[in-house]
Amino acid sequence: MSAKAPRKGHMPVAAANSGAKGNEICLRLYVASTTPNSERAKANLDAALRDFSVVPGYRVELIDVLADAKRAVTDNVIVTPTLLAIGPKRQLMMIGDLSDSHKLQGLLKAAASFG
């Protein structure tokens, strides 16, 4: 997997950087390559971000743990897929394929209130 520069706003997800900067929210999705659950998690996050415009100043990072296991260890991620919402002072986590849209929207709303 080649690294791309982090992008603000809408997906597609970009390669990893080092977390939230300033008031920016980092949505970091840990996946295991192109496994079915990982592909569903990417698609579900993409759909949620298209439908949910309340998260200002966010960027999405995609970390493939098969290519960069050290990043998963650094963030204490032991299961994929895992989504971390990282703000300046707190961090939220959601594990699974992100198919529970109510929980995912709740995480995004909570992340929007970081600061």
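Of the residues Tyr30, Tyr58, the one with the fewest other Cβ atoms within 10 Å heads the list, and the complete ranking is Tyr58, Tyr30. Legend: residue pairs Lys42/Lys89; Lys70/Lys109; Lys89/Lys109, Cα-Cα distance threshold 21 Å; pairs beyond threshold, Lys42/Lys89; Lys70/Lys109. When you count the other C-beta atoms within 10 angstrom of each residue and take the mean per peptide, 98-108, 67-77, 83-93 line up highest first as 83-93, 98-108, 67-77.
Fewest Cβ neighbours within 10 Å first, please rank Phe52, Phe114 accordingly.
Phe52, Phe114
One chain, two ends: Ala43 and Val73. Fully extended at 0.36 nm per residue, the span grows by 8.4 nm beyond their Cα-Cα distance.
Each value in this text was obtained by applying a stated rule to the coordinates, not by laboratory testing. What you are looking at is a predicted structure, and each value in this text was computed from that prediction instead of being measured. Counting neighbours? That spans all protein chains shown, and the Cβs are built from the backbone with ideal geometry, glycine included.
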